[in-house]
Amino acid sequence: MESAPCFLRDTPAFITLSDLCYISESPVNAMRTRRRNLVHPDIEHLLALLDEAYNRTAWHGPNLRGSIRGLTAREAAWRPKAGRHNIWEIVVHAAYWKYTVTRRLLGEKRGSFSLPGSNWFLRPADRSEKAWRADVVLLEREHQRLRAAVSELQPEYLDRPARGSKTLPRRLIAGIALHDVYHAGQIQLIKKLLRAGKSR
């Protein structure tokens with residue numbers, strides 16, 4: 001009797017179809033591997049909300065990242081009126097609240113944001129393009145940290161109050177997505193006012 005092929009030696013007497021698919025390099029095996037990495041539908045939905053509000057194509061128009069694309073430091077620093085927030089301040093404010101939601105989801109202590117202060121930060125301290133880009137990078141970094149924290153959540157945790165908060169994680173996550181959309185709209189309005197002022 002011929003010996004078994006090398007890939008079948010030292011295997012159990014009964015091999016299921018799924019085991020064969022795993023051994024092979026067939027498309028079925030690739031599907032099976034992908035299934036292993038599937039995200040729970042609730043987490044997947046929340047991640048999609050975060051991404052649509054921040055940097056993915058959205059039916060409602062520009063998202064937060066899209067609303068600041070191509071802006072110069074000078075445009076970002078322009079104020080519609082004395083005492084009003086400029087786009088630059090809104091960007092850092094959005095980064096701060098992404099940090100805050102991440103901190104609450106992970107149960108981290110306050111005071112670990114990369115800038116001193118909270119909520120609103122007077123900007124610009126330095127009117128350079130480099131300083132503007134650094135704050136855009138801060139926003140991106142906080143978004144990626146938030147995304148990573150959400151992707152690691154267990155679905156059952158979504159409906160228990162977050163540490164240090166009375167709000168459920170599900171609502172915190174949806175709320176920060178809405179926060180991005182709100183401020184994207186605000187930025188669009190400031191850009192219209194800025195351009196209208198330039199055309200006079």
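Taking Arg84, is it among the charged types (D, E, K, R), surrounded by fewer than 19 Cβ atoms within 10 Å (Cβ to Cβ) and either part of a helix (DSSP H, G or I) or outside the structural domain of Val181 (by TED's automatic domain parsing) (or both)?
Considered against the rule, which asks whether it is among the charged types (D, E, K, R), surrounded by fewer than 19 Cβ atoms within 10 Å (Cβ to Cβ) and either part of a helix (DSSP H, G or I) or outside the structural domain of Val181 (by TED's automatic domain parsing) (or both), Arg84 comes out as no.
Provide a single number: the residues in the range 87-110 that are buried (at least 21 other Cβ atoms within 10 Å of the Cβ) and modelled with pLDDT under 90.
0
Consider only pairs whose beta carbons are under 7 Å apart and that are at least six residues apart or on different chains; among these, list those whose first residue lies in the range 123-134 and is outside the structural domain of Ala73 (by TED's automatic domain parsing) and surrounded by fewer than 12 Cβ atoms within 10 Å (Cβ to Cβ) and whose second residue is hydrophobic (A, V, I, L, M, F, W, C) and in a loop (DSSP other than H, G, I, E, B).
Here the result reads none, with nothing in the range 123-134 linked to a residue that is hydrophobic (A, V, I, L, M, F, W, C) and in a loop (DSSP other than H, G, I, E, B).
Scan (1) over 21 Å from Ala76 (Cβ atoms); (2) surrounded by 16 or more Cβ atoms within 10 Å (Cβ to Cβ); (3) at pLDDT below 95; (4) not β-branched (Val, Ile, Thr) for the single condition Phe113 breaks and write down its number.
In the conditions (1) over 21 Å from Ala76 (Cβ atoms); (2) surrounded by 16 or more Cβ atoms within 10 Å (Cβ to Cβ); (3) at pLDDT below 95; (4) not β-branched (Val, Ile, Thr), Phe113 misses (1) alone.
The values are calculated or read from the model by the stated rules, or taken from the named source; none is laboratory data. This is a predicted model, so every value here is computed, not measured. Cβ sites come from the backbone with ideal geometry, for glycine too, and all protein chains shown count toward neighbours.
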